[in-house]
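Any read-out appearing in this document is the output of simple, stated calculations on the displayed coordinates, not a laboratory observation. Being a predicted model, the structure only gives us computed values, none of them experimental. Neighbour counts run over all protein chains shown; Cβ positions are idealised from the backbone, glycine included.
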Amino acid sequence: MAASRKLSFYRASILSPWDDKRADYWPDGVIVTQPASKTRPATITDILPYNEACERYVEDFARSNLYEYPDSLIIPGFFDMHFHWVQDDVRLMPKDSLLEWLAKYTFPTEAKYASKSYAKTKARKFFQRLLSVGTIGGACYSSIHDHALDEAFNYAQGDLLIGNVLMTQESPAALAQTPKQALGAALRGMKRYKKRYVLTPRFAIATDPATMARTALEADRRGIFKQTHLSETPAEIDFVLKLYKKMKGFERVKSYTELYHKVGMLGERSLMGHAIHLKPAELKLLKKTNTALVHCPTSNAPLRQRGLGSGLFDYQKVEKQGIRWALGSDIGGGPFLSMLDVMDSFLRQHKKAGRGDATALKALYRATLAGAEILGVDERTGSLAPGKEASFVVLRAPAKRYRSGEAHLRAVLAAVKDRAHFDRCVRATFLAGKQVSA
Ligand code: GUN
Ligand code: FE
């Protein structure tokens with residue numbers, strides 16, 4: 001080994017998922033990383049038990065960085081596949097139901113981002129907090145404003161797609177765009193941010209079909225991702241179907257999913273948020289188009305759990321169809337930024353619904369690698385393995401030996417008594433070898 005090659009060593013318990021059921025677990029392990037070079041970011045070169053590392057790297061240990069984290073569990077950084085960075089201030093506001101909450105709290109909050117200085121200050125704080133809770137990737141909604149999108153890209157780190165919402169109908173005056181303005185904003189975003197941009201018609205109520213169709217075509221031509229909201233509540237679905245029945249060319253559309261299909265919003269680079277209330281024909285269409293879904297359990301949870309009471313996503317039906325899906329916080333529908341809170345809520349709600357396969361490991365996979373797979377970046381990130389980027393989260397864990405990764409992760413979640421404190425579980429976040437949060 002060349003003497004100049006300065007390795008770093010991170011010692012803790014380590015857990016990394018392969019899929020819903022399989023994971024690597026080292027009760028006392030070491031992640032070995034090499035620094036960035038001109039051609040690649042800092043990567044993992046090895047993961048192994050501590051006693052083996054002592055033998056294999058005995059000389060390196062003496063002259064290298066060895067970081068020891070007792071009572072900690074290292075996992076991959078989180079991918080939050082659906083959240084609104086401009087809704088940080090509505091997370092804990094009163095919630096009754098989706099459409100009322102949007103009109104009463106969310107739209108007025110997003111309208112504040114018309115101010116450039118406000119958007120800048122908020123972006124700087126928000127994206128630093130996102131790293132501090134361990135989120136290093138995902139897909140994010142911004143407001144309609146160009147400069148809010150610019151500020152988000154300015155401060156966001158990691159594998160985050162971001163898009164400005166398009167709002168051309170049924171929207172309050174402060175946020176309403178003409179179709180021409182919405183198209184212009186989408187084209188500017190695509191040109192400026194290329195594949196880091198995600199086309200974001202807010203949902204079929206707020207974006208007219210011609211705008212969705214035209215911008216979706218432009219996104220597809222460029223290989224750009226698309227995202228929107230689908231079938232979150234029965235009242236929303238009713239509204240959509242009544243609205244589109246009156247529109248030329250949509251008179252016969254039978255479902256919300258079919259409507260999105262007609263305007264080109266489905267596809268392999270398409271992320272549909274919520275997707276709770278779906279008929280069998282809609283699930284078939286989502287599968288046929290290879291569309292990915294994002295399950296937001298904390299946002300959809302009952303009102304007493306600070307959610308919008310939208311319902312519970314049936315992942316078993318979705319998986320039976322072979323549809324890809326991952327987890328999201330839906331900030332500010334979801335009350336807390338930490339994906340640990342999302343995982344915990346996922347576990348509680350699905351266990352209560354009698355789904356025996358709702359394990360902590362499944363929640364972990366869906367909060368990390370599954371998102372990276374959907375975004376097509378899993379070859380270099382999303383889990384912990386030699387050759388992948390050195391991106392991981394160090395979690396505080398109870399001081400005890402565990403027989404499995406499942407038991408260990410469950411103990412991490414169970415140790416948090418107040419949901420607001422999941423944020424505090426994160427000791428450190430590393431992004432491509434660099435510590436980005438203490
Ligand atoms: N549907 C349309 N816009 C929104 C939003 O901002 N949040 C949620 N949860 N659903 C939506
Ligand atoms: Fe949302």
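Here is how the numbers come out for the structure above:
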item	result
Complete set of residues in segment 36-58 that are under 19 Å from Leu431 (Cα atoms) and either surrounded by 15 or more Cβ atoms within 10 Å (Cβ to Cβ) or touching an Asp or Glu at 6+ places or on another chain (Cβ under 9 Å) (or both)	Ala36, Arg40, Pro41, Ala42, Thr43, Ile44, Thr45, Asp46, Ile47
Test result for Pro179, in contact with a Ser or Thr (Cβ under 7 Å, 6 or more places away or on another chain) and closer than 26 Å to Phe250 by Cα	yes
Scan of segment 298-319 for residues that are in contact (Cβ under 8 Å) with a residue 40 or more places away in the chain, among the hydrophobic types (A, V, I, L, M, F, W, C) and not in a helix (DSSP H, G or I), ordered by number	Ala301, Leu308, Leu312
Members of segment 403-438 found to be closer than 27 Å to Arg306 by Cβ and among the β-branched types (Val, Ile, Thr), listed by number	Val412, Val416, Val426, Thr429
Segment 324-343, subset part of a strand (DSSP E or B) and surrounded by 24 or more Cβ atoms within 10 Å (Cβ to Cβ), residue nearest to ligand 1 (Cβ to nearest atom)	Leu327
Any hit, segment 115-126, residues being farther than 30 Å from Phe392 by Cα, small (Gly, Ala, Ser) and away from ligand 2 (no atom under 16 Å from the Cβ)	yes
First in segment 136-150 and buried (at least 24 other Cβ atoms within 10 Å of the Cβ), second anywhere and acidic (Asp, Glu), Cβ under 7 Å, 6 or more apart	Ile136/Asp159; Gly137/Asp159; Gly138/Asp80; Ser143/Glu110
Flag for Ser97 being polar (S, T, N, Q), surrounded by fewer than 18 Cβ atoms within 10 Å (Cβ to Cβ) and within 16 Å of ligand 1 (Cβ to nearest atom)	yes
